[in-house]
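*Asks:* Below is one structure. I have some questions about it.
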Amino acid sequence: MAENAGAASGTASGVRLWAVSIEEVRSLFHPTAEMAERLRGDVPFHVLTPYKQSWFRPLLKHDPGAPVLAPDSPLPSDVVSLLHGRFVPPERLVPSWQIVVHWLDRLAAASLRLEIDRWTSERLDFDLARAGVASHFALRSLWGRDAALPLRPLAGSEVGYQRYAVALELGEAWRGSLASLEGSGDLVRHVSDWLCELPAWARDAEGAGRPAPDVFAMTLP
């Protein structure tokens, strides 16, 4: 998995994009037994004290050598809720999304983070429109489809996706606009270069017996 960092100036505080099939994203919440076991073993717990073997463990209900988790850490109960697609209460949304983002980073062919605020996003779409790019290829169309996940977005955040074919068309349209752009050129080139890698990632996915990657997106609050 490769990650690139955008350099645009300061929607909210940014956008995260992942090249991954929406079917695979949804499968995180209802995985097979084999996949669930792998996911349970790959959770970004924030550990203050690592596990220490205790000779008294067989005699005690509570293992005194168990790891101590930081107050802001995801909990094993969060993992259980996610893997069973259960309701996550508001106070557990942040650590639950920490887990999901970690899993997405592992699962996706590539990811892209854009440090882009609402003003920059609106300016980008205005520049694209002046260069002749159709309005349905605006930046937010990358998360315009409902991901239909059991986990709600964080407050102030949006979560969605765009199908492989449409995301590729968007990348090609943005790249084709570069000669006519009067602004936002660096950002348009950065995003379009990333999107135009989708066919290569699709070939890799096909070789691994996986579906072609869509673009899964999350705006950052």
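The values are calculated or read from the model by the stated rules, or taken from the named source; none is laboratory data. Here the structure is a predicted model, which means the values were calculated and not measured. Every residue, glycine among them, receives a Cβ derived from its backbone with ideal geometry; neighbour counts consider all protein chains shown.
*Asks:* May I ask you to list the residues in the range 96-125 that are touching a Gly at 6+ places or on another chain (Cβ under 8 Å), more than 21 Å from Pro44 (Cβ to Cβ) and modelled with pLDDT of 95 or more? It would help to see each step written out before you state the result.
*Replies:* To start, the set of residues in the range 96-125 that are touching a Gly at 6+ places or on another chain (Cβ under 8 Å) comprises 112-117, 120, 123.
Filter once more, so that each one left must be more than 21 Å from Pro44 (Cβ to Cβ): 114-117, 120, 123.
Those that are touching a Gly at 6+ places or on another chain (Cβ under 8 Å), more than 21 Å from Pro44 (Cβ to Cβ) and modelled with pLDDT of 95 or more: Leu114, Arg123.
*Asks:* Next up: Are there any pairs with C-beta distances below 7 angstrom linking a residue in the range 132-151 that is under 28 Å from Trp97 (Cβ atoms) to a residue that is at pLDDT below 95 and surrounded by fewer than 15 Cβ atoms within 10 Å (Cβ to Cβ), with the two at least 6 apart or on different chains, and if so which?
*Replies:* none
*Asks:* Just to verify a result, which residue in the range 178-197, among those that are surrounded by fewer than 14 Cβ atoms within 10 Å (Cβ to Cβ) and outside any helix (DSSP H, G or I), is nearest to the chain's Cα centre (by Cα)?
*Replies:* Keep residues of the range 178-197 that are surrounded by fewer than 14 Cβ atoms within 10 Å (Cβ to Cβ), which gives 178-180, 182, 186.
Right, trim to outside any helix (DSSP H, G or I) and you get 178-180, 182.
Values: Leu178: 27, Ala179: 31, Ser180: 31, Glu182: 30 Å.
Ranking the qualifying residues of the range 178-197, first place goes to Leu178.
Each row is one residue, and each column tells you yes or no for (1) touching a helix residue (DSSP H, G or I) at 6+ places or on another chain (Cβ under 7 Å); (2) exposed (fewer than 14 other Cβ atoms within 10 Å of the Cβ); (3) not in a helix (DSSP H, G or I).
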| residue | (1), (2), (3) |
| --- | --- |
| Val88 | yes, no, yes |
| Glu91 | no, yes, no |
| Ser111 | yes, no, yes |
| Ser121 | yes, no, no |
| Asp125 | yes, no, no |
| Leu151 | yes, no, yes |
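*Asks:* Looking at this structure, is Ala200 surrounded by fewer than 20 Cβ atoms within 10 Å (Cβ to Cβ) and outside any loop (DSSP other than H, G, I, E, B)?
*Replies:* Working: surrounded by fewer than 20 Cβ atoms within 10 Å (Cβ to Cβ): yes; outside any loop (DSSP other than H, G, I, E, B): yes.
It is true that Ala200 is surrounded by fewer than 20 Cβ atoms within 10 Å (Cβ to Cβ) and outside any loop (DSSP other than H, G, I, E, B).
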